[in-house]
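J.: Here it is, the structure, as structure tokens.
The values are calculated or read from the model by the stated rules, or taken from the named source; none is laboratory data. Keep in mind that this is a model prediction, so the values were computed, not measured. Note that we place each Cβ from the backbone using ideal geometry, even for glycine, and neighbour counts take in every protein chain shown. Heads up: the accessible areas ignore ligands, DNA and RNA and are worked out on the full protein's heavy atoms, side chains in. Shrake-Rupley method; radii C 1.70, N 1.55, O 1.52, S 1.80 Å.
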Amino acid sequence: MDKVGKPERATQSRVISLLKDELGYRYLGDWSGRDGNSNIEDNLLTDFLADRYTSEQISVVLHKLHTDADNHNRALYANNKEVYSLLRYGVPVKIEAGKVTETVHLINWDDPEKNDFAIAEEVTLKGNHERRPDLVLYVNGIAIGVLELKNSRVSIGDGIRQSLSNQQPEFNQWFFSTVQFIFAGNDSEGLQYGTIGTPEKYFLKWKEDEQDNTGYKLDKYLIKMCSKDRLIELMHDFVIFDGGMKKLPRVHQYFGIKAAQQHVHEKKGGIIWHTQGSGKSIVMVLLAKWILENNPNARIVIITDRDELDKQIETVFTEAGEPIKRTSSGRDLMSQLGQTTPRLLCSLVHKFGRKDVDNFDEFIKELEAQPSPTVSEVFVFVDECHRTQSGKLHRVMKAMMPNAVFIGFTGTPLLAKDRATSMEVFGSYIHTYKFSEGVEDGVILDLIYEARDIDQQLGSEDKIDAWFEAKTKGLNNWQKGELKKQWGTMQSVLSSRSRMDRVVSDIVFDFSVKPRLSNERGNALLVASSIYEACKYFEIFQNTPFKGKCAVVTSYNPMTGDITKEETGTNTETGKQFIYNTYTKLLENVQANPGMTKTESYEEDSKALFGKEPQNMKLLIVVDKLLTGFDAPPCTYLYIDKSMQDHGLFQAICRTNRL
């Protein structure tokens, strides 16, 4: 039997049988001609609730659910978030004054089989424009999944784009306020999934039991994702609302968290090794939420080793609806842990240091003999654990919190000596997700390295013309002609003696010929070896088309004089004065944002432009900042003019692998 090219109708009939016969869903029928199709089917929800709640309570629940699902004063994201909260935590109902408020639970999270799983096909949706999703999955009468199926010769992308257009206000946006999963599939490509608002490029593929190639891939992954236990678990533990974007887990995040849950049950530490750019912060958030909810005695401390990472962790957790307390010192952290709240804290590892320690081993023995008292069970997440695990500060943490469970997070390849120390400090690997797997899954982009040598003797006209021909190889004559119109300026710059001038020319030229840079959809980072060189580069770029479209981001702040966290390179008064004058000039017209210095405001605004408007912020010049924990999908190229190796190099180049 030919599996490819079967009509969409045959695939749809087979999928319905699969959901009915193998997964136990009820078939509600073909609803193409049915009036009043809704994302909340009142009669089905009423039937589910009738065994446990009164008709008065059910009436209040239906009113509340419909009101939040169809609030015209809010966007789809906000309505969906409110409905999810009602699904997840229940609807508080008070029938009359003086009576106790009771929570009505719309889904039985504890026993998935007790819920009413059902499917309807060809569900006609009335609106400005009529649409008809192929299959809708209902749980207790509430539409939680939409599945678009395609002929195997038609791309899954067509199904994804169909669902995306259905979510627009001019079509049937109202229907998606209850929807948690959006599926698209065919028999040749299998299944992809997302949720409301997920752009097409972020739709995901499930991977499980890959050695099993019997049957259709579409059927296999529908069974994996839509089995009653799995679907309920995904809804309960793996949905996150993150700063305006609703997210579902990637498959490695799901299995990483599942493995970590087992370690937590056993009070056992370990390492979660997920490659750079694959979403470790989301794993932290989801694991922390699960621990806090399932263990009322749990406290969680998240330790990072850089101030910008500490801020990033705070932002991620806050936007995901989990307030987190940033502590000011090791003493402050231990003081907080000596009380019952807060349950979620973050701190910098450096805050555990002591400057007045002469005999470190004696200091550790003293801490171990009298550890700080902590209330409840403490779980410590150590971000970028490869950088702190073998240091003295880590020994201080372990001595101060001897009963804590330590879980390390990293995505950087561990050197042999680091691997041994990691195992010793944290325990075995909890879960791994390699760089090659991330590229294969389309979670991150592959990296391409190009070594460049700046020719110090590029003075003659012949050599400059040869350089031009080499750089424009692959362009047609018209494109070369357009570039030659700007060639006069570049010739004079290339003929100068300054190596840095030539680096700048190289970068400016790339923005005329390289993919994504030339069409202004991408941008780049330039890593300088010192703050002085970063400022020097910034000054040179002011004489190019990059003026007003590049920024320098370092730890320097002119308000603090010459005190800086980074090496300024030339340690002369002239060098320091140049840095000070550069910053003073670039901050001249900057308005400070509330609660920020001018420097912080300039950097935050520059980063925001870099991430959202690459055409208006083409280049960020950095030294150490932004080389870890900085995600900007437009960032396509990284220019390194600095000696880098090992962890630092890998983390830096991974700034360019985001989708």
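J.: Could you give the nm distance between label points at ALA10 and ASP441, where each point is 7 Å from its Cα heading toward the beta carbon?
T.: For the pair ALA10/ASP441, the computed spacing is 3.3 nm.
J.: Please compute one quarter of the surface area of the Cα convex hull for the stretch 1-156 and express it in square nanometres.
T.: Numbers: hull surface 47.1 nm².
Average projection, Cα convex hull of the stretch 1-156: 11.8 nm².
J.: Hey, got the Cα dimensions of the stretch 142-300 along the principal axes, in Å, largest first?
T.: The principal-axis extents, from largest down, are 49, 40, 32 Å.
J.: Can you list the residues, at least 5 places off or on another chain, whose amide H is less than 5 Å from the amide H of ARG326, using H built in the peptide plane?
T.: Those qualifying (amide H under 5 Å, at least 5 residues apart or on another chain) are CYS346.
J.: Read phi for every residue in the stretch 146-154 and hand back ³J(HN,Hα) as whole Hz from Karplus 6.51 cos²θ - 1.76 cosθ + 1.60, θ = phi - 60°, with x for Gly and Pro.
T.: 10, 10, 9, 10, 10, 4, 5, 8, 10
J.: Also, I was wondering about something else. Bins of 5 Å, beginning at zero and ending with the bin holding the largest distance: percent of Cα pairs per bin for the stretch 110-184, please.
T.: Once binned at 5 Å, the Cα pair distances of the stretch 110-184 give 3, 15, 25, 25, 16, 9, 5, 2, 0.
J.: Give the distance, in whole Å, between the Cα centre of the stretch 13-57 and the Cα centre of the stretch 69-132.
T.: 13 Å
J.: Right, another one. Dimensions of the stretch 226-341 along principal axes (Cα, Å, largest first)?
T.: Its Cα atoms span 48, 31, 25 Å along the three principal axes.
J.: So, one more: With a Förster radius of 41 Å, plug the Cβ-Cβ distance of ASP605 and ARG52 into 1/(1 + (r/R0)^6) and report the FRET value to the nearest 0.05. Before the final figure, lay out each step's value.
T.: Values: r = 53 Å, r/R0 = 1.30.
It comes out at approximately 0.15.
J.: Using 26 Å as the Cα-Cα cut-off, could you pick out the over-long pairs in LYS224/LYS247; LYS247/LYS642; LYS585/LYS625; LYS224/LYS612; LYS547/LYS576? The partial results should precede the final answer.
T.: Values: LYS224/LYS247 19 Å; LYS247/LYS642 37 Å; LYS585/LYS625 21 Å; LYS224/LYS612 36 Å; LYS547/LYS576 23 Å.
Over 26 Å apart, Cα to Cα: LYS247/LYS642; LYS224/LYS612.
J.: Still on this structure, please answer the following. Could you tell me the calculated FRET efficiency between HIS72 and MET245, based on Cβ-Cβ distance and R0 = 22 angstrom, to the nearest 0.05?
T.: Values: r = 22 Å, r/R0 = 1.00.
After rounding to 0.05, the efficiency reads 0.50.
J.: Could you sort SER13, SER601 by their accessible area in this structure, using a 1.4 Å probe and putting the largest first?
T.: Ranked from most to least accessible, the order is SER13, SER601.
J.: OK, next. May I ask you to compute the full-extension gain from GLU170 to ASN128, defined as 0.36 nm times their residue separation minus their alpha-carbon distance, rounded to one decimal in nm?
T.: Values: separation 42, 0.36 × 42 = 15.12 nm, distance 0.58 nm.
Extra length from GLU170 to ASN128 when fully extended: 14.5 nm.
J.: Keeping all protein chains in position, work out how much accessible area ARG161 exposes to a 1.4 Å probe, and write it in Å² to the nearest 10.
T.: 110 Å²
J.: If you take the charge dipole of the stretch 177-329 about its Cα centre, with +1 on Lys and Arg Cβ and -1 on Asp and Glu Cβ, which of TYR193, GLN262, GLY279 is farthest toward its positive end?
T.: Highest projection toward the positive end goes to GLN262.
J.: Work out, step by step, the length gained on full extension between GLU210 and SER376: first 0.36 nm times the residue separation, then minus their alpha carbon distance; give nm to one decimal.
T.: 55.6 nm
J.: Roughly what would the spin-label model give for ASN589 and LYS224, points 7 Å off Cα along C-beta, in nm?
T.: Between ASN589 and LYS224, the label points sit 5.4 nm apart.
J.: Another question, then. Given points 7 Å out from each Cα along the Cα-Cβ axis, report the TYR580 to LYS64 separation in nanometres with one decimal.
T.: 6.3 nm
J.: ASN519 to LYS99: FRET efficiency via 1/(1 + (r/R0)^6), r the Cβ-Cβ distance, R0 56 Å, to the nearest 0.05? It would help to have the intermediate numbers written out before the result.
T.: On the way: r = 64 Å, r/R0 = 1.14.
It comes to 0.30.
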